[in-house]
Every structure is written in structure tokens, then in C-alpha cells.
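The values are calculated or read from the model by the stated rules, or taken from the named source; none is laboratory data. Note that the structure is a prediction, hence the values are computed from the model and not measured. Ideal geometry is used to build each Cβ from the backbone, glycine not excepted, and the neighbour counts take in all protein chains shown. Heavy atoms of the whole protein, side chains included, go into the accessibility calculation; ligands, DNA and RNA do not. Shrake-Rupley method; radii C 1.70, N 1.55, O 1.52, S 1.80 Å.
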Amino acid sequence: MTTGRLPEHEQRILDEMERALRHDRRLDRRLRTLRLSRLPDPARLAAYRPHTLTVLLLLALSVVLLVTGAVTAASGVLWAFAAVGPLTLFAALRLARRRDQHSDPPVRPRR
């Protein structure tokens, strides 16, 4: 494959295609919001709001893994608990914080 310039008619076609794509607002928005990074977004993690059922299922899974790991001492079960346990704790704390924020009425200053 050559790396030389395009012929004039192909360059003109390419320029027209680029001009048309620049005017596509939906494509422009999608390209601007495209995440190329594989790192977790801290703002998205901070905004995570788990459902009660999700927390209950994670809690049940953590308890089952903890008990199974304590009884069998199988390394796979212990590693699974090591992975699920912190996720359960994070989700439970986020749920508790969300519940706490919704239960307190806003304080209004007296005049």
C-alpha cells in the first residue's frame, strides 16, 4: 500500500464525506462521549445507587461463600469471597447512605 497523496477526485470525495460527517450532531456527540479508557470513572462509581434486592443478594452470596470457605478451606471459595465481600460492603454502604439522605428532612434556617 502506498502512502502518497490521493488523486484529486478521490481527495474531493473524501473532503465531501468529512464535511457531511462534521454536520452530523448525533455522531459528534457519540464521538465526544466515547470512553477510550478502561479505568473506572470515579464520578460514575460515586453515583452508584444499588437496589435493595441487589444488596440482599450480594449479602446472601457473601455469607454463603464465607461459611463455605470456613468449613472447607478451599482456596477458590476464599478467593471468591475476597472478590465479592468488598463489593457487598461498598453496595451496602451506598444503600445505607442513600437511605439516610432520604430519611432526613432538609433543615431550613429560621428567620
Could you work out the equivalent-ellipsoid semi-axes for segment 5-75, taking the square root of 5 times each eigenvalue of the Cα gyration tensor, largest first, in whole Å? 54, 17, 9
Estimated vicinal HN-Hα couplings, Hz - segment 73-82 in sequence order (Karplus 6.51, -1.76, 1.60; Gly, Pro = x): 6, 6, 5, x, 5, 5, 5, 5, 5, 5
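Between Leu39 and Ala60, what's the calculated FRET efficiency when r is the beta-carbon distance and R0 is 30 Å? Round to 0.05.
Numbers: r = 30 Å, r/R0 = 1.01.
My answer for the efficiency is 0.50.
Which value, in debye to the nearest 20, gives the size of the charge dipole of segment 28-89 about its Cα centre, when Lys and Arg are +1 and Asp and Glu are -1 at the Cβ?
On the way: 7 positive and 2 negative charges, 92 e Å.
Dipole about the Cα centre, nearest 20: 440 debye.
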Per-residue accessible area, 1.4 Å probe, largest first, puts Val63, Val71 in the order Val71, Val63
Rank-order 17-23, 93-99 by packing density, defined as the average count of other C-beta atoms within 10 Å over each peptide's residues, highest first. 93-99, 17-23
Total charge of the residues flanking Phe90 in space, meaning their Cβ is under 13 Å from its Cβ, with Lys and Arg +1 and Asp and Glu -1, is +4
Full-extension gain between Arg49 and Ala96, please, as 0.36 nm times their residue separation minus the C-alpha to C-alpha distance. 15.9 nm
